[in-house]
Every structure is written in structure tokens, then in C-alpha cells.
Protein chains: 2
Amino acid sequence: MKFEVTILGCSSATPVFNRNPTAQLLNCNEKPYLIDCGEGTQQQLIKFNLKAAKIDHIFISHLHGDHYFGLIGLLSSLHLNGRIKPIHIYGPEPIKEILEMQFKYSDTTLKYELIYHFTDCNASKIILENNDLVVETIVLNHRIPCTGFKFTEKKRLRKLLNSKLEEDQIPVEYFPLLKRGVDLTLPNGNVLLNADYTTDSAVPKSYAYCSDTLYDERYFDKIKNCDTLYHEATFLHDMLDRANETHHTTALQAAQIASQVGAKKLIIGHYSSRYKTLIELLEEAKTVFENTQLAIEGNTYQI
Amino acid sequence: MKFEVTILGCSSATPVFNRNPTAQLLNCNEKPYLIDCGEGTQQQLIKFNLKAAKIDHIFISHLHGDHYFGLIGLLSSLHLNGRIKPIHIYGPEPIKEILEMQFKYSDTTLKYELIYHFTDCNASKIILENNDLVVETIVLNHRIPCTGFKFTEKKRLRKLLNSKLEEDQIPVEYFPLLKRGVDLTLPNGNVLLNADYTTDSAVPKSYAYCSDTLYDERYFDKIKNCDTLYHEATFLHDMLDRANETHHTTALQAAQIASQVGAKKLIIGHYSSRYKTLIELLEEAKTVFENTQLAIEGNTYQI
């Protein structure tokens, strides 16, 4: 099953040349989930040939503009392009008022429904569960209410051992229950032991998205053992004071967090516009956590 | 004196690959004036190496998102980049409420002042006058309140005929008054006739910006004899019904308007996303008005 994330924007606060404000597109089993939506996200989707029309779920971490100013434009374009399928929006409550005011003054009545799921910045909660994944909020520590999001794959069905099934001439009608791990006792008394015909599926993976936040151990438990951790790394560690003041994280801290929570892979992003090149941020993180990658726009990362 | 306009966005409604929503940067005597501000305008300014920090005046025609969704991001970035100089915003009154709500929820107190000048969609008015130009609104006919803007250069000082001034050894102290067209009677009774020492300056030029609007003769008087007319041309004329329904103009109509008002040059833009190439729009307009050009992003047009 596909479980990967494409970076649409990796800049913090203000865009710089070739670095847009934050947005990511998670692909879970060929369904796209949009995480944050900075200005220009719809143009980035076009640029990378990703279909905005397929997005049904949009997650907004907080109401700093570099994380949501592109939302109104994306929703407007979907409307103008004839969308009728609802969209679920997960984010802080005022997002509704902000969107509705702008639709009012443009005299726009959306042809599709917006279904809001307001996030609680005080308590982690499951905000979405479907056949493919579970999404929980992560309570972050920023200047305004802010949550991250943890995406965990659902446990998959067991894998059939086709050669063994053929050898014993097991009818296909039995396959669905075997996939579900059931042992079958046939009318003649024979028992088909599930373990003989299937193997366990891949272990479900998880993706934790943490932007923007101060280094704060209270959320570490929620992202423990995640397969891929995206963590903001706005500054190099020599700017720790500035990071603390603005409630952001340094590259070194992001790496320490990845190490501390037992993440398998770390992606850093949300770079301050002061960094013309990013190699120093990467190198700093790697001193603590070797399996670190830079979030680069247009790149797709397997989780 | 420099009087030119750079196209930052030429798309209507929704962006398409390489065509952003509407925005233009007028340069009058090295001072930039931003006209409309669709999503991604700040990124376009970066791309074309134009300094957002130098903009003091922003004109918003109306509150359809493709003309203003980039404003909040641009203003936020200027704030984050340390701006303290006020910005004048000319546009429909609700723009204030929309901006203020978003600043409130992001807990942003701008370090500079926003000075609002609300446009009246019922009557054309002078909304800005300084040493370089006069800006008037143009009452357009769109689905929601909408004005265009006419930018007219101020009459320049007369040009000095330097060789004649040298020949007659005229002191430099006399130059400022000569530039202003004054005849001077000297203490010895000699008269310096202005016409002997100066020539007329270039005739002031005007730029009329008309987007979005139905073809409506009521505004033609206001754009009469303009040097450069930017007029929206959302559709080809075979889609006239759709143009009328959505209160837009066809390329043919834009050319008819240019011809009817005696414009010297026409720039068309605000293309529907349905047009993958633009040559047909240009050719259609040229059948009526030869001196037509396509608005192309990054291109600068002398007025």
C-alpha cells in the first residue's frame, strides 16, 4: 500500500525564491490528504501535477498565514471547477469564520459542502478514522493554538500464500476469511489452520507531522516510535534564543526529538528565509540523527 | 520618466500552469504601484526580482479571490520583514474586515499602518494624487462591486534648451522658474522669453486598468484616449453568452472598446483557464484593434 508524502512548501513565515510556505500532500493508498495550505499551494499542486480535485481531507495545524493562506484560494478553485463532493477541514475553529466571510463578500455559495472538524489544542484526539488510516492530533506548543497530526496506517489483511493454497486446492470462497486470520473447520472435520495459508501483513506505519512548535517533551509520547517524523527546524542551533522566543525548533533539537522518540526517519523543514542554502541545517541534524532528510519541494518521501 | 507596467498574473478565476491570478506592478517614476493581488503575488514579485518593500500603494478592484487572495500574505510578509512605513490600500470597504480578522486570529499586530481608502462602485473618483500621477476609479459592471483604475501622469516641467542657455550665459538660478514656463524680466529691463529657452515636456500619459467587467458603454468616457488600455478578455467571442452571464468581456469586445475610446495600445489578459494557448485571443482582438498585446507574466509594457 502506498504511504508517502510530497512536499509542496518548505518555507517558514515568508516565501523565498523556490521555497513556498508550508503544505504537504500525504498519499495513503492512493488517497491524498492535504496537510497545511500556505499561499500558493494550489499552484504547487498544478506544478507537480497532483490533482487537487481528489483531496477530500485538509488538515490545518494553526492560523499563522504561512500554514493556511492558500486554503481559501484552493477551495474557491475547486468550486469554480465544478466540485460537488464535500471536503472535510480539520483545524482551529476560527477557520470557519475566516472562510465564510470571504465567501460572503465574493458572493460565493459553494456547490459542495465544507464539513468542519475543529481541533482542540489542549488534548490529543482521533479526528479521522477510515479503512486506510487513523489521524490523531498532536498538541504542540506554539504562540497561538496549534496541533500537529499523526497519521497511522490501519492494520492490513493477512497475505495469502498462493502456492500452498493451490497445492491444497483451497476454494477461493475461503480466501476472504483466511485474509482476516480465521481458522476454518470444514464439514468433513478437517481444519484449515490460518497460519498454514497466510503470513502477517506489513506492520502499519505512522507519519507524525510537527509544525510549528517549541521543543516540549509533553508531545513526545504521542509521536513515539513513528516511522517518519516531519519536524520543523526553523533555525540552526546557534539561534536557539530566537527559536525559543518565536516558539520554534532548531535543526539540532528536531534531531534530538527524533532520537528521543525512536523515530526511524526524520524530515526537517519550515526553514527560515535567512538560510539561502540548507546544507548546514541538514548537517547539524545529522550530527545527532543520521537518518535525516531535508524537505524539498516536489520531492516525495516514503514513510 | 519611467511609466510602465509589469504583469505578475494574467489568469482569471483559477490559476493554471504558468498563469497566476491577476496582479500588475505599475512603475511610475521608479515608484511601484500594485494593482490587484491574486494568490501568489508575493511569490511572483520574488520570481521577477521586484521589491515588495518599495510598494506604498495597493489598488484592489473587487473582492473576487483571484484579485485579492494574495494581499493578506503580502502584507504579513512585509510585517515579518520589518516594514514600518504605512501602506495605502484602495478597494472595497470589506477588505478591512477581512484583513483584520485574519490578523486577529494569527495574533498579529502590524508594525506599520494600513491606511484604507474605500472605493465607491457607483461614482468615479480621484483616489490618489501625488507629484507623479493622479489615480481615478473607473466604475465597472461586474457581479459584485468593482472598479478599474486610471493612472494619469502629472504634467512634467518644461525641458531646458541647454545650448541656448549656455550661449546667452543665463545663470542657473533662473532655471527652476524657466522649467515652470515663466517669462523673466531682468532688472536691466531685458526679457527672457520662456519659449526661447525651453520646450514643452512630453505629453502626460495614461494607463487604464479594466478588470473585471461586462461590456458597458457607461465607463468608456472615463478611459477615452488613454495611451494604454489593459482590458480583461476572459473569453473568445464565440463564448459571448458565457461572458455576459459571468459579467466578463470577450477578446473581440476588448478590441472594440479600445477602438471606440481611441486607446493607442491595448493589452488583454484575465484569460479563462480553458485556453491552453493564447494566440487565438490575440488574433481575435487584432481583427478589430491591431495594436493589441497579450499580458504575459514577467513582461513589462511601456505605457
Exercise for review: Of the numbered conditions (1) assigned to a helix (DSSP H, G or I); (2) assigned by TED's automatic domain parsing to the domain that holds A:Leu178, A:Gly189 fails exactly one; give the number of that condition.
Suggested key: (1)
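Residues of the stretch B:172-181 being in a helix (DSSP H, G or I) and not hydroxyl-bearing (Ser, Thr, Tyr), which ones?
First pass over the stretch B:172-181, keeping only residues in a helix (DSSP H, G or I): B:172-179.
Across the stretch B:172-181, the qualifying residues are B:Val172, B:Glu173, B:Phe175, B:Pro176, B:Leu177, B:Leu178, B:Lys179.
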Review point. Across the stretch A:55-72, what is the number of residues that are within 16 Å of A:Glu113 (Cα to Cα) and either among the basic types (Lys, Arg) or within 9 Å of chain B (Cβ to nearest Cβ) (or both)?
Key: 1
Practice item. With respect to B:Asp196, determine if the residue is over 30 Å from A:Ile60 (Cβ atoms), touching a Lys or Arg at 6+ places or on another chain (Cβ under 9 Å) and away from every other protein chain (no Cβ under 14 Å). Key: yes
Practice item. Six or more apart or on different chains, Cβ under 6 Å: which pairs go from a residue in the stretch A:212-223 that's farther than 24 Å from A:Ala23 by Cβ and at pLDDT 95 or above to one that's part of a helix (DSSP H, G or I) and β-branched (Val, Ile, Thr)? Could you list them? Key: A:Phe220/A:Val261
Exercise for review: Give the stretch B:64-92 a look and list any residue that's more than 26 Å from B:Thr234 (Cα to Cα) and assigned to a loop (DSSP other than H, G, I, E, B), or say none.
Suggested key: B:Asn81, B:Gly82, B:Arg83, B:Ile84, B:Lys85, B:Pro86
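Does B:Ala123 satisfy the condition of being more than 18 Å from B:Phe149 (Cβ to Cβ) and either surrounded by fewer than 18 Cβ atoms within 10 Å (Cβ to Cβ) or modelled with pLDDT under 95 (or both)? Before you say what the answer is, go through the steps one by one.
Details: more than 18 Å from B:Phe149 (Cβ to Cβ): no; either surrounded by fewer than 18 Cβ atoms within 10 Å (Cβ to Cβ) or modelled with pLDDT under 95 (or both): yes.
No.
Just to be sure before I move on: is A:Tyr271 closer than 23 Å to A:His64 by Cα, within 16 Å of the chain's Cα centre (by Cα) and among the hydroxyl-bearing types (Ser, Thr, Tyr) in the structure I sent?
On the way: closer than 23 Å to A:His64 by Cα: yes; within 16 Å of the chain's Cα centre (by Cα): no; among the hydroxyl-bearing types (Ser, Thr, Tyr): yes.
No, not satisfied.
If you take the residues in the stretch A:40-54 that are without any contact (Cβ under 8 Å) to a residue 40 or more places away in the chain and surrounded by fewer than 21 Cβ atoms within 10 Å (Cβ to Cβ), which one is farthest from the other protein chains (Cβ to nearest Cβ)? Spell out the reasoning first.
Keep residues of the stretch A:40-54 that are without any contact (Cβ under 8 Å) to a residue 40 or more places away in the chain, which gives A:40-43, A:45-46, A:49, A:51-54.
Adding the requirement that they be surrounded by fewer than 21 Cβ atoms within 10 Å (Cβ to Cβ) leaves A:46, A:49, A:51-54.
On the way: A:Ile46: 5, A:Asn49: 9, A:Lys51: 13, A:Ala52: 10, A:Ala53: 11, A:Lys54: 16 Å.
Filtering the stretch A:40-54 for residues that are without any contact (Cβ under 8 Å) to a residue 40 or more places away in the chain and surrounded by fewer than 21 Cβ atoms within 10 Å (Cβ to Cβ), the one farthest from the other protein chains (Cβ to nearest Cβ) comes out as A:Lys54.
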Check your understanding: Considering the stretch A:100-129 alone, what residues qualify as being more than 9 Å from chain B (Cβ to nearest Cβ), assigned to a loop (DSSP other than H, G, I, E, B) and closer than 23 Å to A:Ile84 by Cβ?
Key -> A:Thr109, A:Leu110, A:Lys111, A:Tyr112, A:Glu113
Exercise for review: Inspect the stretch A:11-21 for any residue being charged (D, E, K, R) and within 15 Å of A:Gly148 (Cα to Cα) and give the result as yes or no.
Suggested key: no
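With touching a residue at least 12 places away in the same chain (Cβ under 8 Å), surrounded by fewer than 17 Cβ atoms within 10 Å (Cβ to Cβ) and under 23 Å from the mean Cα position of the chain (by Cα) as the only criterion, which of A:Pro86, A:Pro92 stands out? It would help to see each step written out before you state the result.
Numbers: A:Pro92 fails: surrounded by fewer than 17 Cβ atoms within 10 Å (Cβ to Cβ).
Being touching a residue at least 12 places away in the same chain (Cβ under 8 Å), surrounded by fewer than 17 Cβ atoms within 10 Å (Cβ to Cβ) and under 23 Å from the mean Cα position of the chain (by Cα) holds for just one of A:Pro86, A:Pro92, which is A:Pro86.
Could you list all residues from the stretch A:172-198 that are hydroxyl-bearing (Ser, Thr, Tyr), over 34 Å from the mean Cα position of the chain (by Cα) and surrounded by 13 or more Cβ atoms within 10 Å (Cβ to Cβ)?
Of the stretch A:172-198, the ones hydroxyl-bearing (Ser, Thr, Tyr) are A:174, A:185, A:197-198.
Restricting the remaining residues to those that are over 34 Å from the mean Cα position of the chain (by Cα) gives A:174, A:185, A:197.
Passing the criteria: A:Tyr174, A:Tyr197.
Hey, can you tell me all the residues within the stretch A:1-39 that are part of a loop (DSSP other than H, G, I, E, B) and either buried (at least 24 other Cβ atoms within 10 Å of the Cβ) or facing another protein chain (nearest Cβ under 10 Å) (or both)?
Filtering the stretch A:1-39 for residues part of a loop (DSSP other than H, G, I, E, B) gives A:1-2, A:10, A:12-15, A:17-18, A:20, A:22, A:29-30, A:38-39.
Within the stretch A:1-39, A:Cys10, A:Ser12, A:Ala13, A:Thr14, A:Pro15, A:Phe17, A:Asn18, A:Asn20, A:Thr22, A:Gly38, A:Glu39 qualify.
Could you tell me whether any residue of the stretch A:96-108 is farther than 28 Å from A:Thr228 by Cα, touching a His at 6+ places or on another chain (Cβ under 6 Å) and either assigned by TED's automatic domain parsing to the domain that holds A:Tyr68 or surrounded by 20 or more Cβ atoms within 10 Å (Cβ to Cβ) (or both)? Give the steps one after another, and end with the answer.
First pass over the stretch A:96-108, keeping only residues farther than 28 Å from A:Thr228 by Cα: A:96-108.
Still in the running and touching a His at 6+ places or on another chain (Cβ under 6 Å): A:106.
Within this subset, residues satisfying the condition of being either assigned by TED's automatic domain parsing to the domain that holds A:Tyr68 or surrounded by 20 or more Cβ atoms within 10 Å (Cβ to Cβ) (or both) are A:106.
Yes, that holds for at least one residue.
Based on what the data block shows, is B:Leu75 surrounded by 23 or more Cβ atoms within 10 Å (Cβ to Cβ) and within 14 Å of chain A (Cβ to nearest Cβ)? Steps first, answer last, please.
Numbers: surrounded by 23 or more Cβ atoms within 10 Å (Cβ to Cβ): yes; within 14 Å of chain A (Cβ to nearest Cβ): yes.
The answer is yes for B:Leu75.
Given the residues A:Ile35, A:Ile46, A:Ile55, which is the only one that is over 26 Å from A:Ala208 (Cβ atoms) and modelled with pLDDT of 95 or more?
Answer to the selection: A:Ile46.
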Check your understanding: Quick check: is even one residue across the stretch B:114-134 touching a helix residue (DSSP H, G or I) at 6+ places or on another chain (Cβ under 6 Å), free of Cβ contacts under 8 Å to residues at least 40 places away in the same chain, closer than 30 Å to A:Met101 by Cα and not small (Gly, Ala, Ser)?
Key -> yes
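In the stretch A:78-96, what residues are β-branched (Val, Ile, Thr) and within 12 Å of chain B (Cβ to nearest Cβ)?
Of the residues in the stretch A:78-96, the ones β-branched (Val, Ile, Thr) are A:84, A:87, A:89, A:95.
Selection gives A:Ile95 alone.
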Check your understanding: Within the group A:Ser272, A:Ser259, which residue is hydroxyl-bearing (Ser, Thr, Tyr), touching a strand residue (DSSP E or B) at 6+ places or on another chain (Cβ under 8 Å) and modelled with pLDDT of 95 or more?
Key -> A:Ser272
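Counting only residues that are basic (Lys, Arg) and in a loop (DSSP other than H, G, I, E, B), which one in the stretch A:130-171 is surrounded by the most Cβ atoms within 10 Å (Cβ to Cβ)? Outline the logic, then answer.
Step one: of the stretch A:130-171, the residues basic (Lys, Arg) are A:143, A:150, A:154-156, A:158-159, A:164.
Then keep just the ones that are in a loop (DSSP other than H, G, I, E, B); that gives A:143, A:154-156, A:158.
On the way: A:Arg143: 15, A:Lys154: 15, A:Lys155: 11, A:Arg156: 15, A:Arg158: 18.
Result: A:Arg158.
Considering only residues that are among the aliphatic types (A, V, I, L, M) and modelled with pLDDT of 95 or more, which ones fall in the stretch B:126-166?
Within the stretch B:126-166, the subset among the aliphatic types (A, V, I, L, M) is B:126-128, B:133-135, B:138-140, B:144, B:157, B:160-161, B:165.
Passing the criteria: B:Ile126, B:Ile127, B:Leu128, B:Leu133, B:Val134, B:Val135, B:Ile138, B:Val139, B:Leu140, B:Ile144.
The values are calculated or read from the model by the stated rules, or taken from the named source; none is laboratory data. Here the structure is a predicted model, which means the values were calculated and not measured. All Cβ positions, even for glycine, are placed from backbone atoms using ideal geometry, and neighbour counts span all protein chains on display.
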